[in-house]
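Heads up, the thing below is written out as structure tokens.
Since every read-out is calculated from the coordinates, none of them should be taken as a lab result. As the structure is a computational prediction, the values presented were derived from the model and not from experiment. For neighbour counting, all protein chains shown are included, and Cβ atoms are generated from backbone atoms with ideal geometry for every residue, glycine included.
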Amino acid sequence: MILEIKKLMAKGAYSGEISFDYQPPQDLNLLPLCKIDGGVKVEGTYEIFDGGEVEVTLKLSYKLVGQCSYCLADAEEQIEYSTEPLLFVTDKDDADNYVYDGNRLDLSQAVVDALLFSQPEVLLCDNGCKGE
Ligand SMILES: [Zn+2]
């Protein structure tokens, strides 16, 4: 999941679509007793600005499976999550945005961050589960 920014600029592809499957690392901090079933489907768009800054929006979808946080019955939930526009800049001192080297833009960190944000606080077997 690398965007080759210089190559895209050379092709005049200043904006476009992103689509790939992502296999999260085993040590990703998920809800207790839960895992991601299969991979994470990542889609999105990018736009390259004049100064080399790149705006990326990501849409994640995946299935979270595991045990209900309340009653421990089997549970699963299809998660769909869209990020706000994320800005990638080449200024290493910019703490508010993602930084890249102006050439190869690695989306891994942004995807992991979005994955962590996208998780529900609990996974339930049923919306009405009271844990009995
Ligand atoms: Zn339950």
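What the table shows:
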| item | result |
| --- | --- |
| Test result for Tyr62, of a type in the set (Phe, Trp, Tyr) and farther than 30 Å from Thr90 by Cβ | yes |
| Residue match in region 65-85 (condition: surrounded by 12 or more Cβ atoms within 10 Å (Cβ to Cβ), aliphatic (A, V, I, L, M) and within 25 Å of Glu4 (Cα to Cα)) | no |
| Region 1-12, residues that are exposed (fewer than 12 other Cβ atoms within 10 Å of the Cβ) and part of a loop (DSSP other than H, G, I, E, B) | Lys11, Gly12 |
| Counted residues, region 69-113 - those being of a type in the set (Asp, Glu), away from the ligand (no atom under 16 Å from the Cβ) and either in contact with a strand residue (DSSP E or B) (Cβ under 9 Å, 6 or more places away or on another chain) or outside any loop (DSSP other than H, G, I, E, B) (or both) | 8 |
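To keep it simple, each residue is scored yes or no on (1) farther than 25 Å from Tyr14 by Cα; (2) under 12 Å from the mean Cα position of the chain (by Cα).
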| residue | (1), (2) |
| --- | --- |
| Glu43 | no, yes |
| Val54 | no, no |
| Lys59 | no, yes |
| Ser69 | yes, no |
| Phe88 | no, no |
| Ala110 | no, yes |
